[in-house]
1. Could you pull out the residue among Gly99, Gly113 that is within 30 Å of His230 (Cβ to Cβ) and out of contact with any Cys (no Cβ under 9 Å at 6 or more places or on another chain)?
2. So which residues in the stretch 176-189 are touching a residue at least 60 places away in the same chain (Cβ under 8 Å), more than 25 Å from Gln226 (Cβ to Cβ) and out of contact with any His (no Cβ under 7 Å at 6 or more places or on another chain)?
3. Quickly run through the stretch 104-125 and pick out the residues that are surrounded by fewer than 20 Cβ atoms within 10 Å (Cβ to Cβ) and without any contact (Cβ under 8 Å) to a residue 60 or more places away in the chain.
4. Does Thr65 satisfy being surrounded by fewer than 17 Cβ atoms within 10 Å (Cβ to Cβ), over 25 Å from Ile176 (Cβ atoms), touching a Gly at 6+ places or on another chain (Cβ under 9 Å) and not aliphatic (A, V, I, L, M)?
5. Looking at the stretch 141-199 only, could you name the residues that are surrounded by 22 or more Cβ atoms within 10 Å (Cβ to Cβ), in contact with a helix residue (DSSP H, G or I) (Cβ under 8 Å, 6 or more places away or on another chain) and of a type in the set (Ser, Thr, Tyr)?
6. Kindly indicate which of Thr137, Thr208 is at negative phi, polar (S, T, N, Q) and in contact with a Lys or Arg (Cβ under 8 Å, 6 or more places away or on another chain).
Amino acid sequence: MDMFLNYKSAIWRLPLYLPLTKRDLLVPEFEIHRESMFCMYYAPHNEYINRKARVFIVGLTPGWTQMKLAFEEARCCLEHGDSDENVLRKAKQAARFAGSMRTNLSKMLDVLGLQDQLQISSTLTLFQEHQDLLHTTSVLQFPVFVNEKNYTGAHPVLLSNKYLRERAISHITQEIQRLGPVLIIPLGKSVETILYRLDQEGRLQGNTVLWNFPHPSGANGHRHQQFAEHKQRMKQKLCDYFAGYKN
C-alpha cells in the first residue's frame with residue numbers, strides 16, 4: 001500500500017467514468033523506472049494480498065488491458081470514498097487476467113480438475129464468487145512496456161537484465177513468504193525461470209508448483225500443444241497436492 005499512497009493524488013486527477021488511454025497512464029507521473037529498452041509504470045492492483053488463498057497464479061507482468069482496468073476501477077473507488085485497502089482489492093478483482101486470458105486459463109484449469117479439488121463448479125468462479133480461494137500477482141509487480149507494447153519476457157530477457165531480475169525475485173519472494181504454503185501456478189516460461197531459481201535456492205519449501213502450465217494468452221500459439229504434452233503430469237500433481245492438503 002505504500003506505493004499506492006505515493007500515486008493516490010495522481011489517480012484522483014485522472015478522468016472519471018471515461019475509458020483511460022495510454023496518453024493518460026503511460027506518463028511521467030506513473031513512471032517507476034526507464035531504461036533504453038523498456039519502461040516500468042505503476043498500477044494499483046498488485047499491492048493487495050489475499051492471505052487466505054489456496055491457489056496462487058503468477059503471471060509475468062500486468063499488460064495494458066490489466067493496467068487500464070485497474071486504474072479505471074481505482075479512480076471510481078476513490079470517487080465513492082472507498083478505503084485504500086478496498087480500492088486496491090477492487091482494482092485487483094477488476095483487472096487480474098482480464099479478457100480472453102481469464103477464459104483460456106479457466107478452461108485449462110477445469111480440464112485438469114482443479115474445480116473438483118476445490119469443490120466449486122468451475123475455476124472461472126475463482127474470479128467471481130470464490131475469490132477468497134485465489135491470489136494472483138506477477139513476478140514483475142508493475143506493468144513493463146517495450147515501445148509501449150506489453151513486455152513478453154524477451155528483449156531484454158528477464159534474467160539477463162539486472163533491474164528486472166532483481167525486481168522479479170524480490171517481489172515474488174516477498175509474496176510467497178506473506179502467503180504461506182499454497183499451490184503455485186506459473187504462467188509461461190519466463191515466470192518459471194524465476195520460480196525455478198527460488199526452488200533451487202530452497203525458497204519454495206512448503207509450496208507446490210504446477211510446472212509446465214502454458215501461458216493462457218491467445219498470442220501463445222503453442223499453448224494447446226504444451227498443455228496436451230503435460231496434462232497428465234499436471235493432473236497427477238494436483239491430485240497429490242490436494243490429497244496431502246486434506247490429510
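Read-outs: derived from the displayed coordinates by stated rules, not from any lab. Owing to the predicted nature of the structure, the values given are computational and were not obtained by experimental measurement. Because the Cβ atoms are built from the backbone with ideal geometry, glycine has one as well, and the counts that use them run over all protein chains shown.
1. Working: Gly113 fails: out of contact with any Cys (no Cβ under 9 Å at 6 or more places or on another chain).
When all the criteria are applied, what remains is Gly99.
2. Matches in the stretch 176-189: Arg178, Gly180.
3. Listed by number, the residues that qualify are Lys107, Asp110, Gln115, Asp116, Gln119, Ile120, Ser121, Ser122, Leu124, Thr125.
4. Yes: the conditions hold for Thr65.
5. Across the stretch 141-199, the qualifying residue is only Ser190.
6. Values: Thr137 fails: in contact with a Lys or Arg (Cβ under 8 Å, 6 or more places away or on another chain).
The match here is Thr208.
Residue-wise test of (1) part of a loop (DSSP other than H, G, I, E, B); (2) touching a residue at least 40 places away in the same chain (Cβ under 8 Å); (3) under 18 Å from Gln115 (Cα atoms); (4) in contact with a His (Cβ under 8 Å, 6 or more places away or on another chain).
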position	(1), (2), (3), (4)
Thr193	no, no, no, no
Pro216	yes, yes, yes, no
Lys235	no, yes, yes, no
Leu238	no, yes, yes, no
